[in-house]
1. Tally up the residues in segment 127-171 that are surrounded by fewer than 16 Cβ atoms within 10 Å (Cβ to Cβ), modelled with pLDDT under 90 and either part of a helix (DSSP H, G or I) or at positive phi (or both), please.
2. Taking interchain pairs and intrachain pairs at least six residues apart, which have beta carbon atoms under 6 angstrom, with the first residue in segment 107-129 and touching a residue at least 60 places away in the same chain (Cβ under 8 Å) and the second surrounded by fewer than 20 Cβ atoms within 10 Å (Cβ to Cβ) and not in a helix (DSSP H, G or I)?
3. Among the listed residues 70, 93, identify the single one that is outside any helix (DSSP H, G or I), within 13 Å of the chain's Cα centre (by Cα), modelled with pLDDT of 95 or more and under 17 Å from residue 22 (Cβ atoms).
4. From the list 72, 106, exactly one residue is touching a strand residue (DSSP E or B) at 6+ places or on another chain (Cβ under 7 Å), crowded, with 20+ Cβ neighbours inside 10 Å and under 21 Å from residue 15 (Cβ atoms). Which is it?
5. Confirm whether residue 98 is surrounded by fewer than 14 Cβ atoms within 10 Å (Cβ to Cβ), assigned to a helix (DSSP H, G or I) and within 16 Å of the chain's Cα centre (by Cα).
């Protein structure tokens, strides 16, 4: 990403609770625009929940005009039915962003935690605490589920501001340092 202003929508898809966060990046500074949750448990029909996810993501895109959508990839669990429902929720959120011509990026839960806290095994509370410092907000219990969506947006920002020299692609910091010893002190 360049130093121009960018809006990133982060989504933690779920069929019971969907978390989201919207950040603005201006000159590499993170500014929290919005975060929240969509409570879906009151809807018994799974298809109705998918429709609401699609409409909510569309509404967020219409309100905030993000350049990017970062979404948390489903983790592998033991309950196959839960995984199928979660995959559908993620797919609907992705389809909603894509139909609005928003570029979509997917990150594993471990990658998001690693990006935000430096520890891929960090707890939800540790991620929320770090986000509170990075995005300068007071953590409120009703927003704890929203921090997962916010973390996806922040992860995308961190993953895409790694410098490259003369358009070279690097596989990580070690590779970058080897190829650019004078740029790293």
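The values are calculated or read from the model by the stated rules, or taken from the named source; none is laboratory data. Just so it is clear, the model here is predicted, and its values are computed rather than measured. Virtual Cβ from ideal backbone geometry, glycine too; neighbours counted across all protein chains shown.
1. Selection size over segment 127-171: 5.
2. Close Cβ pairs satisfying both conditions: none exist.
3. Details: 93 fails: outside any helix (DSSP H, G or I).
It is 70.
4. Numbers: 106 fails: crowded, with 20+ Cβ neighbours inside 10 Å.
After applying the criteria, what remains is 72.
5. On the way: surrounded by fewer than 14 Cβ atoms within 10 Å (Cβ to Cβ): yes; assigned to a helix (DSSP H, G or I): yes; within 16 Å of the chain's Cα centre (by Cα): yes.
Yes, satisfied.
The rows are residues; the columns are (1) without any contact (Cβ under 8 Å) to a residue 60 or more places away in the chain; (2) over 14 Å from the mean Cα position of the chain (by Cα).
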| residue | (1), (2) |
| --- | --- |
| 13 | no, no |
| 24 | yes, no |
| 28 | no, yes |
| 35 | no, no |
| 41 | yes, yes |
| 54 | yes, yes |
| 74 | no, no |
| 78 | yes, yes |
| 87 | yes, yes |
